[in-house]
Amino acid sequence: MEFENKVVVVTGGARGIGKAICEHFEKEGAKVCVIDILENGFFVGDIADKANLEAFAAKVIEKYGRVDVLVNNALPIMRGIDTCSFEEFQYALSVGVTAPFYLAKLFKDYFAEGASIINISSSRDRMSQPQTESYTAAKGGISALTHALAVSLAGKVRVNSISPGWIDTAYTLYEGPDAVQQPVGRVGNPDDIAALALFLASDRAGFITGENICVDGGMTRLMIYHGDHGWKLDT
């Protein structure tokens, strides 16, 4: 019960990686406060809306009076340059960058001693597929926000980010090329991310701040050339 009675705030905690993070913290005794557009037991609302963020933060503070861990996990939309509107791009940045910043600001005076912020970025903060600009920009933004907050909150809150690669939220067991292409030989699942989140929030990570840790089975370290290791480029 490493986090017994600790107050853990998770955005986008009703499904996928966020839900796994909530479940892992709860197993360790934490009191988890979720905000999500999906139904959950604490607060339903869109974090792109400033009023929702303020109401959510006020509820957390009124109920517990402090925050030990803030996990910014909510998922921005993915739209590409061919289809993404101005409004959609701004919405992605609101969810992926502005909301994490504003929650950190709202909770700044309420973070407990030894508190931790964990931002969920993506391996797309350093590599891209076509037509992913809104999502990639948001993930790149939260990666940079991480080290900025780590410096501004130095001595009070440790701030780190996790960049997941391919994470199958249905826990599908892949075989063949989907698995073999990854240096670890499998596709990731939400527990891989939740385990690291718990570590980064713990005292064992007390000397780690401002870092972005990529959890992608080694894919971003795999150098790919045409004809190498069976890879072929179709032109």
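Readers should treat all values here as calculations from the given coordinates under stated rules, not as data from a laboratory. Quantities reported herein were computed from a predicted structural model and do not represent experimental measurements. Methodologically, a virtual Cβ is constructed for each residue, glycine included, from the backbone with ideal geometry; neighbour enumeration extends over all protein chains shown.
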>> So if I place +1 on the C-beta of Lys and Arg and -1 on the C-beta of Asp and Glu, and nothing else carries charge, what would the dipole magnitude of the stretch 10-97 be about its Cα centre? I want it in debye, nearest 20.
In response: 280 debye
>> Could you work out the relative contact order of the stretch 1-78? I mean the mean sequence separation of Cα pairs under 8 Å and 6+ apart, divided by the number of residues, in percent.
In response: 37 percent
> What is the ratio of the Cα radius of gyration of the stretch 144-235 to 2.2 N^0.38 Å, where N is its residue count, to two decimals?
Replying inline: 1.37
>> When the expected Rg is taken as 2.2 N^0.38 Å, what fraction or multiple of it is the alpha-carbon Rg of the stretch 1-102?
In response: 1.13
> What is the Cα coordinate range of the chain on the first, second and third principal axes, sorted by size from largest, in whole angstrom?
Replying inline: 59, 42, 35
> Mean residue ellipticity at 222 nm from the helices of the chain, using -39,500 (n - 2.57) per DSSP H segment of n ≥ 4 over the full residue count, to the nearest 500 deg cm²/dmol?
Replying inline: -10500 deg cm²/dmol
> Which links in Lys105/Lys139; Lys6/Lys50; Lys63/Lys108; Lys19/Lys59 stretch past 22 Å when you go from one Cα to the other?
Replying inline: Lys6/Lys50
>> Suppose each label sits 7 Å from its Cα in the direction of the beta carbon; what would the Ser152-His229 distance come out to in nanometres?
In response: 3.9 nm
> Suppose R0 equals 45 Å; then what is the FRET efficiency for Ala170 and Asp109 from their Cβ-Cβ distance, rounded to the nearest 0.05?
Replying inline: 0.70
>> Can you list residues from other chains, or at least 5 along the same chain, whose modelled amide H is less than 5 Å from the amide H of Ile213?
In response: Ser161, Ile162, Ser163
>> Please list, ordered by chain and number, the residues whose modelled amide H lies under 5 Å from the amide H of Ile117; skip anything fewer than 5 residues away on the same chain.
In response: Leu70, Arg158, Val159, Asn160
> Rounded, prolate or oblate: which one fits the stretch 76-176, using the alpha carbon gyration tensor with axes a ≥ b ≥ c (rounded when a/c is under 1.5, else prolate when a/b beats b/c, else oblate)?
Replying inline: oblate
> Using just the C-alpha positions of the stretch 118-184 as equal point scatterers, what log10 of I(q)/I(0) does the Debye formula give at each q in 0.12, 0.21, 0.26 1/Å?
Replying inline: -0.44, -0.92, -1.08
> Considering only DSSP states other than H, G, I, E and B, which GluC sites (Glu not before Pro) in the stretch 19-74 qualify as loop sites with at most 16 other Cβ atoms within 10 Å?
Replying inline: Glu28, Glu39
> Ser128 to Lys50: extension gain in nm, 0.36 nm per residue of separation minus the Cα-Cα distance?
Replying inline: 25.1 nm
